[in-house]
Amino acid sequence: MNKPASSKNNDLKQTDELRPAHWEQRSAQRVMEVGQDQILERSRKIVEAAYDLLDEAGLEGLTIRAVLTRTGLSRRAFYERFEGKDDLVLAVFEETIRKAVRFFTERVASMENPLDRLRLIVTFIVLGRGIQGEAYTDRRGAALSREHLRLAESRPADLKGALQPLIALIEQILADGMASGVVRQDDPQRLATLLYNLVSTTVHSELLTSENGQVDQATKKQLANDIWEFCRRAISENP
């Protein structure tokens, strides 16, 4: 049975009164965006503090109390953003990977040969900040290596997600190499994962061995060359 016209008009009027006005929608959206910016700003502040603490004192120096002291934030503010220390370490790990991918993408953009691109990435992963030839103690690298091995067992899905941007970049370069005939035909994603696992496992072992001392640059450069040559032979169409 059809409703009388007056009843329909009343329904429409009530619906219109319940619906926020356009300016209200815009205002609410702005508040949400500003709120999100504030949340992310504090989250980034926490991650940056954790990054610096790992660099200064290694894993032992990274405590929630130390992070709060450095940032001036409350314990409540921390736990609103992170479940605990594992969550924070994963965030530091993911940000490290994202920064590396941005850096690698810029550096390889002008290189035509996919093998040259891969060599640069492998070399930088092995040498780390030692690419400049400076003496250093890589406490942060050793700490993240130790946590990488632990998180691979306790939170494999989260660790895989953190690594994905780097593996995806390697995969794309391998696919380019297959298309140009310099990389043997295979599943590029599988090959990228194998290549990353080989390089990262070796780097983890080296970092943990030299955790509390200065890195020998000559030895590390030779290691970078050896790892690359091994990778080149494994992926090349004509090794």
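Computed values, structure above
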{"item": "Boolean, Gly133 is at pLDDT below 95, surrounded by 15 or more Cβ atoms within 10 Å (Cβ to Cβ) and at positive phi", "result": "no"}
{"item": "Candidates Arg102, Arg139, Arg117, Arg81 - the one that is in contact with a helix residue (DSSP H, G or I) (Cβ under 6 Å, 6 or more places away or on another chain), without any contact (Cβ under 8 Å) to a residue 60 or more places away in the chain and either crowded, with 20+ Cβ neighbours inside 10 Å or within 28 Å of Gln172 (Cα to Cα) (or both)", "result": "Arg117"}
{"item": "The range 173-182, residues that are buried (at least 16 other Cβ atoms within 10 Å of the Cβ) and either in contact with a His (Cβ under 6 Å, 6 or more places away or on another chain) or of a type outside the set (A, V, I, L, M, F, W, C) (or both)", "result": "Asp176, Gly177"}
{"item": "Residue selected from the range 101-130 under the condition modelled with pLDDT under 90 and small (Gly, Ala, Ser), by the criterion nearest to Leu53 (Cα to Cα)", "result": "Gly128"}
{"item": "Residue satisfying condition, being of a type in the set (S, T, N, Q), modelled with pLDDT under 90 and closer than 18 Å to Val101 by Cα, within set Ser200, Ser210", "result": "Ser200"}
{"item": "Selected residue [touching a Phe, Trp or Tyr at 6+ places or on another chain (Cβ under 6 Å) and among the basic types (Lys, Arg)] from Arg184, Arg75, Arg140, Arg119", "result": "Arg119"}
{"item": "Only listed residue being farther than 13 Å from Leu144 by Cβ, buried (at least 17 other Cβ atoms within 10 Å of the Cβ) and not β-branched (Val, Ile, Thr), chosen from Ala57, Ala49", "result": "Ala49"}
{"item": "Where Thr69 falls short, out of the listed (1) assigned to a helix (DSSP H, G or I); (2) at pLDDT below 85; (3) not acidic (Asp, Glu)", "result": "(2)"}
{"item": "Residues that are of a type in the set (Asp, Glu) and either in a helix (DSSP H, G or I) or closer than 19 Å to Glu153 by Cβ (or both), drawn from the range 72-120", "result": "Glu83, Asp86, Asp87, Glu94, Glu95, Glu106, Asp116"}
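Yes or no, residue by residue, for (1) in contact (Cβ under 8 Å) with a residue 60 or more places away in the chain; (2) small (Gly, Ala, Ser); (3) surrounded by fewer than 16 Cβ atoms within 10 Å (Cβ to Cβ):
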residue: Val67; (1), (2), (3): no, no, no
residue: Gly72; (1), (2), (3): no, yes, yes
residue: Ala91; (1), (2), (3): no, yes, no
residue: Thr96; (1), (2), (3): no, no, no
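The values are calculated or read from the model by the stated rules, or taken from the named source; none is laboratory data. Everything numeric here is computed off the predicted structure, so don't read it as measured data. Because the Cβ atoms are built from the backbone with ideal geometry, glycine has one as well, and the counts that use them run over all protein chains shown.
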